[in-house]
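Enquirer: Let me give you the structure first, and then I'll get to my questions.
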Amino acid sequence: KATMKSLRFISAEAFVSNAEFARKSLGGVAHNLFPLLFKASYLLEQGEVIHDLVENWPLVDFNMGKLLGTTVDYQEDLSRRTCSVCLESCLTGLRDYVLNHPSPYVKRLKVVDLTGIKDVEVQFCECKKTMGRWARTQLLSKLCLELLVYLQQIQCNPGAFEISVDVLIDLFVTERNYEVVMQALLRKCCCPLKICCVSFRSDNLDLQKFFYIIKLTDPSSLRKLEIVHNVRLEMEHLEILFNSIHFPLLMSLTLPARTFNVQRFTATEERMLTNIGEKMGEMTQLTELSMPFSILTGRIQKLLSPLKTPLKMLDVSNCSLNHADMAYLANSFHVNHLEALDLSGHKILDLYPSIFFKLLSHSSSVLRSLTLEDCNIQDTHVNMLILGLSPCQKLQEFKFLGNPLSSQALKDLFTFLCELPMLKNVEFPVPRDCYPIGITYPIDDASLCRFDHQKYESVAEDLNLILLQANREDVKASTPLFGSYDAAVQETNNELGAYLIKSFKETLEKFTTSLNKMS
């Protein structure tokens, strides 16, 4: 639906739509109009105008989230548009802000905040070319290094070195952009544009390189740390990380699959786990913890009880939790604060129904997102599930892919879901009766797409009709077969694929060598 624009905004659009005229006239524009012109230029993808606005930015701060978010003159939030043309113009404009003016005393810019940009699946910009987090990391690092070269080569105004602008950014580092980011961080003190890392994500990176670059990011001001795919971080490495680096402001921590494996626990590893728990307890701001696909049987209390601050988000999907772990979660001080919980991969309704009720009733006043994928939820569990979810009136998102539910069970569940007033997003499984008889759960990747697509479409239509009849068009229901959208994976999937092939090749070579030795 169209969003209302004020007369000021319509005038700003008219002004920037003629790029040549706008660029010539910027000198006479009142400083307080720059934010308005910036949002209008961003909406119309006027790259050259955006560049010149940033190059001549007259204010103390430049906050992308605020500039593109909901404003009085134009309500629409543009921060989800990661338009390549606009973002590149922004960053090159920033470089030229440092280079191009002979009078640094009128330069007031102190802070640029790029962290408000949100990477989403569907893009509304005309050019349809996006610049994701990885590419923004790469470009900013490259521009900082270029800037240093320029400043050394040309006899420019020495005042340029007196400029100091903090650039707040969410860094995303992989093997492919490691070198340029590392060099930019190393030379940060000499560069007028200071990269300030607010959150750091690392995929496909050698462990040594990860340890080196994380120290360069200034961990004392890091708010979010995500170590996700293909960083071979195990428990002993995590202990070294926490013993050697302090993260006093860390609010969110994501660890890669298989960081913990308690199957082979020795006394040394028990001590390590205790130490890691204590170190996390020192992170007094930590409220989000994600550690999927680790084996943590019987150890959740040891890990979480030292935390001083209650968790708001917990992902323990596929962590082989047992009765004691679930009971601890349901009774811990965290449960009353949990806004997002992922218990995927646990047969919780089968094995621990009473704990499940307790968990949901304790978290119901705040719970916004619940994920129960591959939990073996069957038709016989639906009434129990409805009973458990009934108090969760704040729930906005419910994901339960990979469960063996029939079409009829899904319809019953959807009829209930219509009653949850805040619900916005539902991810539901392909009904069991759309698959061949005898399919076993969890379904392997090879069989995942082998279902009756026509029948599925018909069921999906019925489910949407249930929402429609209950006046719940605001609820989006979908079946993303291979899991929810991850902007970071989407952006680096070629590198991710190459890395996986390389790992597989190395494993095969080791296996072949072992066979040869045996024979």
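Enquirer: Of the beta bridges DSSP finds with both residues in the chain, what % are antiparallel, to the nearest 5?
Expert: 5
Enquirer: Going toward the positive end of the dipole of the range 1-125, with +1 on Lys and Arg Cβ and -1 on Asp and Glu Cβ, which of 58, 40, 26 do you reach last?
Expert: Of the candidates, 58 comes out farthest on the positive side.
Enquirer: Taking Rh as the Kirkwood radius, which is the inverse of the mean 1/r over Cα pairs, what is the Rg/Rh value for the range 176-241?
Expert: Details: Rg = 12.2 Å, Rh = 12.6 Å.
Answer for the range 176-241: 0.97.
Enquirer: If you line up the long axis of helix 267-282 against the longest principal axis of the chain, both from Cα atoms, how many degrees apart are they, to the nearest 10?
Expert: Approximately 50 degrees, to the nearest 10.
Enquirer: Using a 1.4 angstrom probe on heavy atoms only, work out the carbon and sulfur share of the accessible area of the chain in %.
Expert: Details: 13320 of 24340 Å².
Carbon with sulfur: 55 percent of the solvent-accessible area.
Enquirer: Per-residue ellipticity at 222 nm for the chain, helices alone: DSSP H runs ≥ 4 residues times -39500 (n - 2.57), over residue total, nearest 500 deg cm²/dmol?
Expert: Result for the chain, helices only: -13000 deg cm²/dmol.
Enquirer: Now, a different point. Given charges of +1 on the Cβ of Lys and Arg and -1 on the Cβ of Asp and Glu, with all other atoms neutral, how large is the dipole of the chain about its Cα centre, in debye to the nearest 20? Write out the running numbers ahead of the final one.
Expert: Numbers: 53 positive and 60 negative charges, 201 e Å.
Taking the Cα centre of the chain as origin, the dipole is about 960 debye.
Enquirer: Follow-up. If you average the sequence gap of Cα pairs under 8 Å that are 6 or more apart and divide by the length of the chain, what percent do you get for the contact order? Mind showing how you got there, number by number?
Expert: Numbers: 884 pairs, mean separation 38.7, N = 519.
Rounded, it is 7 percent for the chain.
Enquirer: Expressed in whole Å with the largest first, what are the equivalent ellipsoid semi-axes of the range 352-449 derived from the C-alpha gyration tensor as the square root of 5 times each eigenvalue? Working shown, then result.
Expert: Working: eigenvalues 120, 37, 30 Å².
Working from the Cα gyration tensor, I get semi-axes of 24, 14, 12 Å.
Enquirer: Taking the alpha-carbon set of the chain, what are its Rg and Dmax in Å?
Expert: Computed over the Cα atoms of the chain, radius of gyration and Dmax are 26.0, 83 Å.
Enquirer: Full-extension gain between residue 347 and residue 264, please, as 0.36 nm times their residue separation minus the C-alpha to C-alpha distance.
Expert: Values: separation 83, 0.36 × 83 = 29.88 nm, distance 2.32 nm.
Gain in length upon complete extension: 27.6 nm.
Enquirer: Applying the Karplus parametrisation 6.51 cos²θ - 1.76 cosθ + 1.60 with θ = phi - 60° to the phi angles of the range 443-450, what ³J(HN,Hα) value in whole Hz is obtained for each residue in order, glycine and proline being reported as x?
Expert: These are the phi-based 3J(HN,Hα) values: 6, 6, 4, 5, 8, 4, 8, 8 Hz.
Enquirer: Using a basic spin-label model with each label point 7 Å from the Cα along Cα→Cβ, how many nm lie between residue 218 and residue 29?
Expert: Each label point is offset 7 Å from its Cα along the Cβ direction, giving 3.0 nm.
Enquirer: Just the ratio, please: alpha-carbon radius of gyration of the range 260-400 over 2.2 N^0.38 Å, N its number of residues. If you can, show how the numbers build up before the last one.
Expert: On the way: Rg = 14.9 Å, N = 141, 2.2 N^0.38 = 14.4 Å.
With N residues counted in the range 260-400, Rg over 2.2 N^0.38 Å equals 1.03.
Enquirer: Quick one: Karplus J couplings for the range 210-219, per residue in order, coefficients 6.51, -1.76, 1.60, θ = phi - 60°, nearest Hz, x for Gly and Pro?
Expert: These are the phi-based 3J(HN,Hα) values: 4, 4, 5, 6, 5, 5, 6, 7, 6, x Hz.
Enquirer: Report, by chain and number, residues whose modeled amide H sits under 5 Å from the one on residue 63, excluding near sequence neighbours (fewer than 5 apart, same chain).
Expert: Excluding prolines and chain starts, which carry no amide H, the hits are 113.
Enquirer: Follow-up question, since we're still on this one. Can you find, among 349, 309, 183, the residue farthest towards the positive end of the dipole of the chain? Put +1 on the C-beta of Lys and Arg, -1 on that of Asp and Glu.
Expert: Of the candidates, 183 comes out farthest on the positive side.
Enquirer: Moving to a separate point now. Could you give each residue of the range 222-239 its phi-based ³J(HN,Hα) in whole Hz, using Karplus coefficients 6.51, -1.76, 1.60 with θ = phi - 60°, and x for Gly or Pro?
Expert: For the range 222-239, the Karplus-derived couplings read 6, 9, 9, 10, 10, 10, 10, 9, 6, 10, 7, 8, 10, 4, 5, 6, 5, 5 Hz, x marking Gly and Pro.
Enquirer: Among 145, 124, 135, whose Cα projects farthest towards the positive end of the dipole of the range 105-147, with charges put on the beta-carbon of Lys, Arg (+1) and Asp, Glu (-1)?
Expert: Checked the options; the winner is 145.
Enquirer: Give the separation of the Cα centroids, the range 108-131 to the range 38-103, in Å.
Expert: Here the answer is 10 Å between Cα centres.
Enquirer: For the range 241-304 and the range 410-455, what is the centre-to-centre distance using only Cα atoms, to the nearest Å?
Expert: Value for the Cα centre distance between the two parts: 34 Å.
Enquirer: Moving to a separate point now. Between residue 194 and residues 5 or more places away or on another chain, which pairs have amide H atoms under 5 Å apart, with H built 1.01 Å from N, and which residues are they?
Expert: Distant-sequence amide H within range of residue 194: 165, 166, 167.
Enquirer: Mind checking the full-extension length gain between residue 271 and residue 166? Use 0.36 nm per residue of separation minus the Cα-Cα distance, one decimal, nm.
Expert: Numbers: separation 105, 0.36 × 105 = 37.80 nm, distance 4.05 nm.
That pair, residue 271 and residue 166, stretches by 33.7 nm at full extension.
Enquirer: When N counts the residues of the range 123-231, how does its alpha-carbon radius of gyration compare numerically with 2.2 N^0.38 Å, as a ratio? Intermediate results must be reported in sequence, preceding the final value.
Expert: Working: Rg = 15.1 Å, N = 109, 2.2 N^0.38 = 13.1 Å.
With N residues counted in the range 123-231, Rg over 2.2 N^0.38 Å equals 1.15.
The values are calculated or read from the model by the stated rules, or taken from the named source; none is laboratory data. None of these values were measured; they are calculated from a predicted model. For neighbour counting, all protein chains shown are included, and Cβ atoms are generated from backbone atoms with ideal geometry for every residue, glycine included. The area values use the complete protein model at the heavy-atom level, side chains included, leaving out ligands, DNA and RNA. Shrake-Rupley method; radii C 1.70, N 1.55, O 1.52, S 1.80 Å.
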